[in-house]
1. Which order do the peptides 116-129, 6-19 take when ranked by the mean count of other beta-carbon atoms within 10 Å per residue, highest first?
2. Give the accessible surface of the chain per residue, rounded to a whole number of Å², with probe radius 1.4 Å and ligands, DNA and RNA excluded.
3. Placing +1 on the Cβ of each Lys and Arg and -1 on the Cβ of each Asp and Glu in the chain, which of Pro276, Ser31, Ala11 has its Cα farthest towards the positive end of the resulting dipole?
4. Excluding residues on the same chain fewer than 8 positions from Lys66, give the aspartates and glutamates whose Cα lies under 14 Å from its Cα.
5. With both bridge residues required to lie in the chain, what share of the DSSP beta bridges run antiparallel, to the nearest 5%?
6. So who's got an amide H within less than 5 Å of the one on Tyr219, skipping anything under 5 residues away but keeping other chains? H placed 1.01 Å off N, in plane.
7. Students often forget the sequence filter, so: which lysines lie under 19 Å Cα-Cα from Lys253 once same-chain residues fewer than 8 apart are removed?
8. Each residue of region 144-154 in turn: what ³J(HN,Hα) in whole Hz from Karplus with 6.51, -1.76, 1.60 and θ = phi - 60°, glycine and Pro shown as x?
Amino acid sequence: MELRELKYFLAVANEGSISGAAEALFITQPSLSRQMQNLEREVGGALFDRGNRKITLTERGKLLKKRAEEMLELYGKTVSEVSAPEQSVSGEVYIGGGESPAVKSVIRAALKVQREYPEVKFRFFSGDAPSVIERLDKGLLDFGIVLDAENISEYRTMRLPQTDRWGAIMRRDCPLAEREFVTPDDLKGRPLICSDQSFAKGLISRWMGGGEIDVVATYNLLYVGSQLAEEGAGIAISLDGIINTENTGLVFKKLEPPLETHADVIWKRYAVFSKPAELFLAALKEECK
């Protein structure tokens, strides 16, 4: 299986047709059709359901699409690292993590490296702990940022100095908006909007004394959660400092008793870093002193 074949396969998957993909790739339609047929023979089954107007992926095709994207991304990352000129410091550092104000330490370290080495670039990926760890294990990330994650003993870790505090985002006309803070009793029986990170709902449930909580929606990025709150879907539970509610129809109230979260930067225990990644890690250690 060649990288060229994978690129062609992804083009067909994204375009939804052989003709559209052939046009985008500047090759003939019969040639692309033959290569897709060869690829299906190689993997031992159909990759496409060929309809009258649009091609869709089979389950086998969906799996190959996911793996092909990962392989091509890793290939691009590897080429970028090994092709960097030896006499200069250049290349890319890949960092993934969830939304957290604690990321400021990471950003400050990245900017410190960039100011000294302008040819170093940083690529950030947003995701929850499982997706970050998956990409880290596959070599698609150099570093991950995880919040209160469990089972990370197999990685090297560095705790970021900031402590994040949880709170509630609600409409200004909500009865709780006049309170100084929000307690577990205030939220019992109310519709809640929570982060879909695996630990979040359990964390909130324990803070409220256990039992089921009424989660009417979840979010991956808080902007969506705040929009749900503004439209009246419920009260969004989030970390402080991510959304600025000034001059909006929303307010943020801290939870009381305080509910706090820590963020850790993790990386592979036996990682072989590029020079830019080494410089970033040194800058982050200095930032976190």
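The values are calculated or read from the model by the stated rules, or taken from the named source; none is laboratory data. What you see is a predicted model; the values in this text were computed from it and never measured. A quick note on method: Cβ atoms are made from the backbone with ideal geometry, for glycine too, and the neighbour counts reach across all protein chains shown. SASA here: full protein model, heavy atoms, side chains in, ligands and nucleic acids out. Shrake-Rupley method; radii C 1.70, N 1.55, O 1.52, S 1.80 Å.
1. 6-19, 116-129
2. Roughly 54 Å² per residue, with all protein chains present.
3. Ser31
4. Correct list for Lys66: Glu134.
5. Just about 60 percent of them are antiparallel.
6. Answer set, sorted by chain and number: Cys194, Ser195, Asp196.
7. Once the sequence-local lysines are set aside, what remains near Lys253 is Lys188, Lys201.
8. Values per residue, Gly and Pro as x: x, 10, 10, 9, 6, 7, 9, 6, 10, 5, 7 Hz.
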